[in-house]
């Protein structure tokens, strides 16, 4: 489940996705931050098209693109209206990756990068917490200090039908850590904060 900062087997990922951001805050926020509903938008880090489907349901036209290392998009200069990177790409700020994004974006084009913000219930599911994500979101972090990005924080949830179902799904997907988080739940949802780093292509 690389498009949400976890690597899970397909059955586990499919079950968990039913609970993630059922309120649809992510698509609405991408729209509010300048993602065009029409035009040519590249969506990165969506290997099975799950987010593409959710965005399409919200009226946002996107085209899933592969992530490469080093980062390179198979598009002519100034040919895209927006690029959306979901968790797997832009892990911190790499100047060459930003230059490549600016190359293919039209003037005024938007680059929006989603990562976990940390400081939430979901952080406890990771072996090392969310220290990497928390460092990125600081004023001294690479996005805000070096990359010319602004940050918008979403307060989302993983929502289940019951506390028992939440515990079952979390234990199945995350083993002992998931079982511990599930056992501590008093309501059938986990807080999940998402950072959207966003910038407009600078003038040539």
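Bear in mind that the values in this text are calculations on the coordinates, not laboratory data. Predicted model, so just to flag it, every value in this text is computed and none were measured. Reconstructed Cβ throughout: ideal geometry from the backbone, glycine too, with neighbour counts over all protein chains shown.
So how much slack lies between residue 99 and residue 22, counting 0.36 nm per residue of separation and subtracting their Cα-Cα distance, in nm?
That pair, residue 99 and residue 22, stretches by 24.3 nm at full extension.
Evaluate E = 1/(1 + (r/R0)^6) for residue 139 and residue 179, where r is the Cβ-Cβ distance and R0 equals 45 Å; express this FRET efficiency to the nearest 0.05.
0.80
Hey, could you pull the Cα Rg and Dmax for segment 2-200, both in Å?
16.9, 52
Go ahead and estimate [θ] at 222 nm for the chain from helices alone: -39,500 (n - 2.57) per DSSP H run with n ≥ 4, summed, over the residue count, rounded to 500.
Rounded to the nearest 500, it is -9500 deg cm²/dmol.
Going by a ≥ b ≥ c, the root eigenvalues of the Cα gyration tensor, does segment 32-92 fall in the rounded group (a/c under 1.5), the prolate group (a/b larger than b/c) or the oblate group?
Since a/c reaches 1.5 but b/c is at least a/b, the shape of segment 32-92 is classed as oblate.
Tell me, what is the percent relative contact order of segment 2-200, built from C-alpha pairs under 8 Å that lie six or more residues apart?
Here the relative contact order equals 22 percent.
By count of other Cβ within 10 Å, fewest leading, how are 137, 64, 85, 7 ordered?
Least to most surrounded, the residues fall as 7, 64, 137, 85.
Taking the chain as a Gaussian network, where each spring joins two C-alpha atoms under 10 Å apart, which residue of 82, 95, 19 fluctuates the most?
Of 82, 95, 19, the Gaussian network model singles out 95 as fluctuating most.
Mind checking the alpha-carbon convex hull of segment 82-181 and giving the volume per residue in Å³?
Roughly 120 Å³ of hull volume per residue.
Looking at the chain as a GNM with Cα springs under 10 Å, which of 69, 165, 23 has the largest mean-square fluctuation?
69
If the viscosity is 1.002 mPa s and the temperature 20 °C, what Stokes-Einstein diffusion coefficient in µm²/s follows for segment 1-76 when Rh is the Kirkwood radius over Cα pairs?
The diffusion coefficient I find is 157 µm²/s.
Calculate how many DSSP beta bridges within segment 2-200 are antiparallel, expressed in % of all such bridges and rounded to the nearest 5.
Around 60 percent antiparallel, to the nearest 5.
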